[in-house]
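These notes concern the structure reproduced below.
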Amino acid sequence: MIVNQWVPAAHRGDAVGDSARRTRDMLRALGHTADVFAITIDDSLRNDIRPFDADGATRGDLTIFHYALPSPMTEAFVSLSGGRVLQYHNITPAHFFTPYEPALFRLAVLGRRELATLAGRVDLALGDSEYNRRELEKVGFGNTGVLPIAVDTKRLNQLARRPALERVLDDGLTNILFVGRLAPNKKIEDHILLAEHYRRYVDANCRFIFVGRHDAVPRYFTMIRSLVSEFNSSPGEVARFWFTGSVPDEDLATFYRTASAYVSLSEHEGFCVPLLEAMAADVPVLAYSAAAVPETMGDAGVQFAPKNFEYAAELLGLLVYDEALRAAVLEGQRARLMNFSDAAMRERLAQLVARFS
């Protein structure tokens with residue numbers, strides 16, 4: 001069977017594009033002809049992703065359309081003669097962008113409107129989480145299901161080490177990590193407030209590290225930097241906040257490897273791949289329980305709600321310093337990763353394709 005995947009934009013390191021490429025490889029291993037087509041393609045992926053106007057883009061016996069933003073692919077998708085499967089990766093609600101970026105507010109609104117136009121016009125609509133599936137149902141999609149993102153949980157552990165970066169990070173400070181683009185829904189300001197509580201009441205020798213793009217919402221990052229300046233170190237102290245921007249995979253693996261804990265305070269996630277990356281790197285996870293986070297984590301890690309920073313700081317301290325708790329949490333996280341193994345994903349894909357055979 002020919003199984004195509006459509007992704008509006010293919011960027012290296014983007015969870016949706018990475019999942020599509022991994023899914024393609026699994027489909028090929030199952031004996032199918034499979035390719036990924038995109039409108040926008042990073043130069044480094046041009047030998048791996050096919051352009052949307054290439055021969056074959058519309059000739060799939062089955063086409064999986066990864067939806068996360070509006071694009072010309074949407075209307076083209078409904079005209080296909082083969083099987084049509086929508087995989088919805090969620091759109092950040094527009095209200096998060098209201099104070100910072102009108103263009104992103106408008107894009108989010110348009111994205112949700114365009115999603116609704118596909119209701120009743122696809123054969124199957126899948127969320128990559130139950131949270132996303134329920135949203136599809138609310139929009140009006142009838143035949144729905146769940147297909148998780150395909151995550152390579154072993155990738156980061158197989159990369160070359162960065163001795164120089166390891167020496168910088170291994171300086172006696174406790175490294176608390178966050179990975180992802182710095183966007184309003186991620187609530188980076190809450191990380192800063194948590195850090196202040198942690199420093200005051202638990203451990204002053206700490207460093208909160210933020211790995212990911214900070215240019216997506218410039219006004220938001222300006223606000224974050226202003227907040228940091230209120231709490232940043234006095235003369236002679238070590239800076240407590242490090243915003244790295246985007247980093248190579250080898251550096252990302254090093255940040256995970258040297259982290260004492262991973263923290264997520266996001267208030268909107270459709271899946272949240274870094275939670276699984278942290279688990280795969282054997283980093284205990286502390287997460288605010290919101291949106292799809294509880295589903296992705298299952299019974300693993302430590303979740304909390306409501307958002308009480310004194311309580312969260314105490315939990316974080318226990319994760320870092322209570323060896324028995326830490327060992328139990330890590331064991332639970334290793335077990336949780338089995339739900340996202342390659343074998344589990346191949347079985348899901350085989351069942352999906354069989355529905356259209």
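Throughout, read-outs are computed from the coordinates displayed, never taken from laboratory work. Here the structure is a predicted model, which means the values were calculated and not measured. No Cβ is skipped: glycine too gets one built from the backbone with ideal geometry, and neighbour counts run over all protein chains shown.
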Could I get the Rg over Rh figure for the chain? Both from C-alpha atoms, Rh via Kirkwood, rounded to two places.
0.98
Output wanted: per-residue J couplings in Hz (rounded whole) for region 14-27, from phi through Karplus 6.51 cos²θ - 1.76 cosθ + 1.60, θ = phi - 60°, x for Gly and Pro.
7, 4, 5, x, 5, 5, 4, 5, 5, 4, 4, 5, 5, 5
Once the other residues with Cβ under 9 Å from the Cβ of Leu147 are scored (Lys, Arg +1; Asp, Glu -1), what is the net sum?
0
Relative to the chain, whose Cα atoms define the longest principal axis, helix 130-139 and its Cα axis are tilted in degrees, nearest 10, by 50
As a check on your grasp of the helix formula, calculate [θ] at 222 nm for the chain: sum -39500 (n - 2.57) over DSSP H runs of n ≥ 4, divide by the residue count, round to the nearest 500.
-12000 deg cm²/dmol
For Gly180, enumerate residues with amide H under 5 Å from its amide H, sequence gap 5+ or separate chain, H modeled in the peptide plane.
Val211, Gly212
I want to check the label-to-label distance for Ala343 and Arg113. Put each point 7 Å from Cα in the C-beta direction and report it in nm to one decimal.
4.8
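Need the full-extension length gain, Arg213 to Asn143, defined as separation in residues times 0.36 nm minus the C-alpha distance. One decimal, nm.
Details: separation 70, 0.36 × 70 = 25.20 nm, distance 3.60 nm.
Stretched out fully, the Arg213 to Asn143 stretch lengthens by 21.6 nm.
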Interchain or long-range residues, amide H under 5 Å from Ala261's placed H:
Leu177
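Within 14 Å, Cβ to Cβ, of Gln303, how many net charges do the neighbouring residues add up to if Lys/Arg are +1 and Asp/Glu are -1? Don't skip to the answer; put the middle values down first.
Working: positive: Lys307, Arg336; negative: Glu267, Glu269, Glu295, Asp299.
Around Gln303, the charge tally is -2.
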Among the lysines, which fall within straight-line cross-link reach of Lys186, defined as a Cα-Cα distance under 17 Å, with same-chain neighbours fewer than 8 residues apart omitted?
Lys307
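What is the local net charge at Ser341, summed over the other residues whose Cβ is closer than 13 Å to its Cβ (Lys, Arg +1; Asp, Glu -1)?
Surrounding charge for Ser341 is +3.
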Identify, among Pro72, Gly111, Val217, the residue whose Cα sits farthest towards the positive end of the charge dipole of the chain, taking +1 on the Cβ of Lys and Arg and -1 on the Cβ of Asp and Glu, with the dipole about the Cα centre.
Pro72
